[in-house]
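The structure appears right after this line, and notes come after that.
The values are calculated or read from the model by the stated rules, or taken from the named source; none is laboratory data. What you see is a predicted model; the values in this text were computed from it and never measured. Counting neighbours? That spans all protein chains shown, and the Cβs are built from the backbone with ideal geometry, glycine included.
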Amino acid sequence: MLETMQRAMPVLRPPRRATVTRPEFLVGAGTCGLAAGADKVIAVLEEELAARHANAAIKRVGCMGLCKWEVMVDVWLPRRPRLSFGPINEKNAKRLVHEYLDNGTVPGDLLLGVTPGFETPPAELSGISEDEWLTAPVQPGPDELPAPARLPLLRDHPMMRRQLRIVLRNCGLIDPESLDEYLEHGGYAGLERALNQLTPEQVIDEVTVSGLRGRGGAGFPTGKKWALARQAKGSPKYVICNADEGDPGAFMDRSVLEGDPFRVLEGMTIAAYAIGASQGFIYVRAEYPLAVERLRKAIETAREYGLLGENILGTGFSFDIDLKIGAGAFVCGEETALIASVEGRRGMPRPRPPYPAERGVFGCPTNINNVETYANIPDIVVRGGRWFASIGTEKSKGTKVFALSGKVRWSGLIEVPMGTTIRDIVFEIGGGIEGDRQFKAVQMGGPSGGCLPASQLDTPVDYDSLVAAGAIMGSGGMVVMDDTTCMVDVARFFLNFTREESCGQCTPCREGIARLYNLLEEITHRPNPQKSGGDRAALLGEIESLARVIRDTSLCGLGQTAPSPVLSTLRYFRDEYLTHAVDARCPAGRCSDLLTYSIDEALCQGCAQCARACPSGAITGEKGKKYQINPEVCLRCALCLRVCNFGAVKAV
Amino acid sequence: MATVVTQVKSKPSIIVLLQEVQERYGYLPREEVARCAQEAGISVAQAYGVASFYNFFKLSKPGKYPIRVCSGTACHVQGGQALLERLRSELGIEPGETTPDGLFSLETVACLGACSMSPAMVVGNDVYGRVTTREIPRILMKYRRKR
């Protein structure tokens, strides 16, 4: 195949810009930035710049992952380093323009630091020393100490300094709709090298040597998967990107697609060259409208540049990508279900083998990888498998992206080398627990994963250690929980999710999860008085054995892993289950039916909101005076707790 | 193999057809589902089988301001369930239903991706983050006034 192939025409790569000729405002406008008000900030910036008749550009970039500081705005002035500011709102956006653009003074209270990747003074600007480059008059905020004259670097920020960014390298830095900017930052060098210097087998070798494993959660070696698809007989062959990110609490893939879509296209194109495919699909959720929009534009642009379509870069190699919009079914993350959905049917899994590498879409050999897996490929091809394998642990190589959220001080999108401990992620990168409460657990891997307690904080994130500890790597959701979180409630939450998302095809999953959910409902509600404490304690055994049966007998990954949240919480928080089942108490104060409600007279304003809301007439009192709850009549529905505007209703 | 591909391509995918209908109407009217089924060469029952399998498809007309409450893990941990309860009692409808005046419909979504602003909800196109239950009457009033 290679003999007949022409040498690739060089990609016209614009030189890396050292500085800008006119001021640029780069606003983080991913879904999360938009939720934080990026559009309003952009409107204010437009207004302010128009009022000054300033020759300046406003650009939308992806998400840098520092959610706490959204909306983030980078300001890049000529002959100045690019600086990141946040959180910016409508009010301080005006001040930012006034102080920095007009007066050249950096508002220190809004400054996060010099944008990563833009730290060193460019050679073209010789005459400016590094010291001078990084020095600027900084105006500290009202309550702050005078800022040092040297500008801080964002990569030294406590949330950034432990991170290593490969997949997220361009996210938040480049205009995701500009292929020129992707090229400027080294984009498509991987495809060029693959087409010019490597045979398909050599590409697969590089990926095998790199030790890259599937980032969708299961961790199958990517090189091996590609080799199987290459060897499989039949044509045409297909390449699919699984962007059906359905885990509640996960937004890694969305951020990559929104922030750096060309990286994914490049990774897929390299995969297509390696296995000999000519058609690719990206299966992306309809719930991600911005990601869909960005991908659609990116595919069109790549075609215009000759990086997709017939005769790519003049080599004779042809490959094109179509979007398949998913319609919201969690089970479609399972590869055989995804194939069914791509073919336009209900997304129901089928038994494997045959694996998709032999019989995939329309019965043809198909390679399926997740977004993050493909996003690693360009760097592996450019820098070599050995380089990638030098990062991480013995069996888990490279980095992993996590969506860190929950009761953590700084939530966000982070990327760390494999082997980083959970403690480092939660307490260093995440800044510890919100409100200085007690760490209780971290949930990893979503509905298929598990909860790890404080005793497991030193577990390194690698595929095997996490499984041994009772969780999984998963796709990268990491939700931190504190002492106000009830672990039985968390398990019930995930079961409710998998119960609704079960495709209903096999009995253990369809009936078993529903039954398991009912058992958890039973222990989170007041006991039937006819059941003794011993009967109730025995429920735990029943829960455990049913969970094992579902795990061992379900058809696909959804059912096999659905009991994991239950099994892992039972393993580490058995006492909490017992307290629910036997003592009918919820120590975290979450399970409303197990709580006792009362009104704190010191806080009660006598507004009668609670008495009006109470469906059982358990709340009595006189308007303007204090109200009381009669526990004999109370149904424990917690409505009073929710309607009280003064926090006077207490539940323990 | 090529014949398989042509066969599939000659009949449009029911999912794509239904997505087009939903984009036009905001939901799947009965007659349109029947038309799609015919176009895809399958029975109406099979078309409904696909439509009801995927969460994205709506079988009833959504309200003028659809309310989507995030039920992602981060929102759950931060008390998202209480938001849903409060909305249910304020609106008197269950998730998947529309208020009789056609103003609001209620649904839960797996994750809005606004985890740092949890608990979160979307009314129409407006995202609300760190919502407390006591803010809900005021938020709803805003849209009732707009009508």
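A few points about this structure:
- Checking A:Pro14 against (1) at pLDDT below 90; (2) farther than 25 Å from A:Gly406 by Cβ; (3) in the same structural domain as A:Leu112 (by TED's automatic domain parsing), the condition it does not meet: (3)
- Residues within the stretch A:11-43 that are part of a helix (DSSP H, G or I) and either in contact with a helix residue (DSSP H, G or I) (Cβ under 7 Å, 6 or more places away or on another chain) or over 13 Å from A:Met72 (Cβ atoms) (or both), tallied: 7
- Subset of the stretch A:212-235 (residues that are charged (D, E, K, R) and either within 21 Å of A:Gly477 (Cα to Cα) or surrounded by fewer than 16 Cβ atoms within 10 Å (Cβ to Cβ) (or both)): A:Arg213, A:Arg215, A:Lys224, A:Lys233
- Count of residues meeting criterion [in a helix (DSSP H, G or I), farther than 16 Å from A:Gly186 by Cβ and hydroxyl-bearing (Ser, Thr, Tyr)] in the stretch A:264-282: 1
- Residue match in the stretch A:603-613 (condition: touching a residue at least 60 places away in the same chain (Cβ under 8 Å) and not charged (D, E, K, R)): no
- The stretch A:523-543, residues that are buried (at least 18 other Cβ atoms within 10 Å of the Cβ) and in a helix (DSSP H, G or I): A:Ile523, A:Arg536, A:Leu539, A:Leu540, A:Ile543
- Taking residues in the stretch A:625-650 that are away from every other protein chain (no Cβ under 14 Å) and under 11 Å from A:Leu595 (Cβ atoms), and partners anywhere that are modelled with pLDDT under 90 and crowded, with 21+ Cβ neighbours inside 10 Å, not one pair has Cβ atoms closer than 7 Å while being at least 6 places apart or on different chains.
- In this structure, B:Ile136 does satisfy being within 10 Å of chain A (Cβ to nearest Cβ) and either surrounded by 18 or more Cβ atoms within 10 Å (Cβ to Cβ) or within 21 Å of A:Leu639 (Cα to Cα) (or both).
- Here B:Glu31 passes the criteria (1) farther than 16 Å from A:Arg345 by Cβ; (2) within 13 Å of chain A (Cβ to nearest Cβ); (3) surrounded by fewer than 20 Cβ atoms within 10 Å (Cβ to Cβ); (4) modelled with pLDDT of 95 or more except the one numbered (2).
- Counted residues, the stretch A:180-205 - those being surrounded by 20 or more Cβ atoms within 10 Å (Cβ to Cβ) and among the hydroxyl-bearing types (Ser, Thr, Tyr): 2
- Matching residues, the stretch A:233-246, being touching a Phe, Trp or Tyr at 6+ places or on another chain (Cβ under 9 Å) and either in a loop (DSSP other than H, G, I, E, B) or within 14 Å of chain B (Cβ to nearest Cβ) (or both): A:Pro236, A:Tyr238, A:Ala243, A:Asp244, A:Glu245, A:Gly246
- Hey, A:Val479 assigned to a strand (DSSP E or B) and buried (at least 17 other Cβ atoms within 10 Å of the Cβ) or not: yes
- Residue count for the stretch B:90-117 satisfying the condition of being of a type outside the set (A, V, I, L, M) and within 7 Å of chain A (Cβ to nearest Cβ): 4.
- Annotation note: of B:Tyr65, B:Tyr54, the sole residue that is in contact with a strand residue (DSSP E or B) (Cβ under 9 Å, 6 or more places away or on another chain), within 8 Å of another protein chain (Cβ to nearest Cβ) and modelled with pLDDT of 90 or more is B:Tyr54.
- Looking only at the stretch A:339-377, and only at residues there that are among the hydrophobic types (A, V, I, L, M, F, W, C), facing another protein chain (nearest Cβ under 9 Å) and part of a helix (DSSP H, G or I), the one that is surrounded by the most Cβ atoms within 10 Å (Cβ to Cβ): A:Val342
- Applying the criterion of being of a type in the set (Gly, Ala, Ser) and within 30 Å of A:Ala403 (Cβ to Cβ) to the residues of the stretch A:46-72, the residue that is surrounded by the fewest Cβ atoms within 10 Å (Cβ to Cβ) is A:Gly62.
- Subset of the stretch A:308-338 (residues that are more than 12 Å from chain B (Cβ to nearest Cβ), surrounded by 19 or more Cβ atoms within 10 Å (Cβ to Cβ) and not in a loop (DSSP other than H, G, I, E, B)): A:Ile312, A:Leu313, A:Phe319, A:Ile321, A:Glu335, A:Thr336, A:Leu338
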